[in-house]
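The values are calculated or read from the model by the stated rules, or taken from the named source; none is laboratory data. Quick caveat: nothing in here was measured; it's all calculated off a predicted structure. Ideal geometry is used to build each Cβ from the backbone, glycine not excepted, and the neighbour counts take in all protein chains shown.
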């Protein structure tokens, strides 16, 4: 049975809640017994739904935003703000260069989309189709840069996370003129390819496949908008709360 009437707010809440469940299972549920270990694994499995949904929302939001500079700045600010809570929860240190929070991955992906849009606009200004060989080549180079940036900076999901988003973005662009391909929503094809690419590097993202139903029935509208500050602040806020719980339990010793 298909779920109908899915809008951006519903997908945002599902992404946020599944992310919260994932982080609670990772940070607060000890693997001291078979039962607790099973609960932790279940939380992690549910949490795999979050990242692909956030990528899809970012790609869709990029195509709808009225101010890309403001959007980019918000992502940059949240990436900076989230780094300490992320490091406290994951590494139990104030700052750790072994990994960066997911906002950096999203920021790199956003930069790629921005470059892509400029490349297409430049091609049209010169009377060339968006699919001319030079524009395609520059897109490939931009994608390689995005992949390398994610790997070098050790952002969450590394370069694979950036490339997964690239699949989703380009199919959303195509969906404007071709809503379906072989009776399948074009946005769904890009979403599945994104999950598939993630699964090449990380096994767990395959558990995000049930969220395909959400994307399949996404109608591109938003009946009740979520305040921007909730969507952005949720990530560093819930990590900060988890870090506080770890500290109160005596498990957190930042240096």
Of the criteria (1) more than 24 Å from the chain's Cα centre (by Cα); (2) not in a loop (DSSP other than H, G, I, E, B), which one residue 139 fails: (1)
Qualifying residue in region 54-67 (condition: in contact with a strand residue (DSSP E or B) (Cβ under 9 Å, 6 or more places away or on another chain), closer than 22 Å to residue 194 by Cα and either buried (at least 18 other Cβ atoms within 10 Å of the Cβ) or modelled with pLDDT under 90 (or both)): yes
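Residue-wise test of (1) surrounded by fewer than 19 Cβ atoms within 10 Å (Cβ to Cβ); (2) modelled with pLDDT of 90 or more; (3) over 19 Å from residue 52 (Cα atoms); (4) touching a strand residue (DSSP E or B) at 6+ places or on another chain (Cβ under 7 Å).
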residue	(1), (2), (3), (4)
163	no, yes, no, no
169	no, yes, no, no
172	no, yes, no, no
182	yes, no, yes, no
195	no, yes, no, no
200	yes, no, no, no
206	yes, no, no, no
209	yes, no, no, no
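Would you point out which residue out of 132, 101 is at negative phi and free of Cβ contacts under 8 Å to residues at least 12 places away in the same chain?
Values: 101 fails: free of Cβ contacts under 8 Å to residues at least 12 places away in the same chain.
Every option except 132 fails the conditions.
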The lone exception for residue 63 - which of (1) more than 15 Å from the chain's Cα centre (by Cα); (2) farther than 23 Å from residue 111 by Cβ it fails: (2)
Candidate set from region 18-45 (those that are within 18 Å of the chain's Cα centre (by Cα) and either in contact (Cβ under 8 Å) with a residue 40 or more places away in the chain or not in a helix (DSSP H, G or I) (or both)); member that is farthest from residue 87 (Cα to Cα): 45
Count of region 82-95 residues which are surrounded by fewer than 18 Cβ atoms within 10 Å (Cβ to Cβ) and either within 19 Å of residue 227 (Cα to Cα) or touching a helix residue (DSSP H, G or I) at 6+ places or on another chain (Cβ under 7 Å) (or both): 3
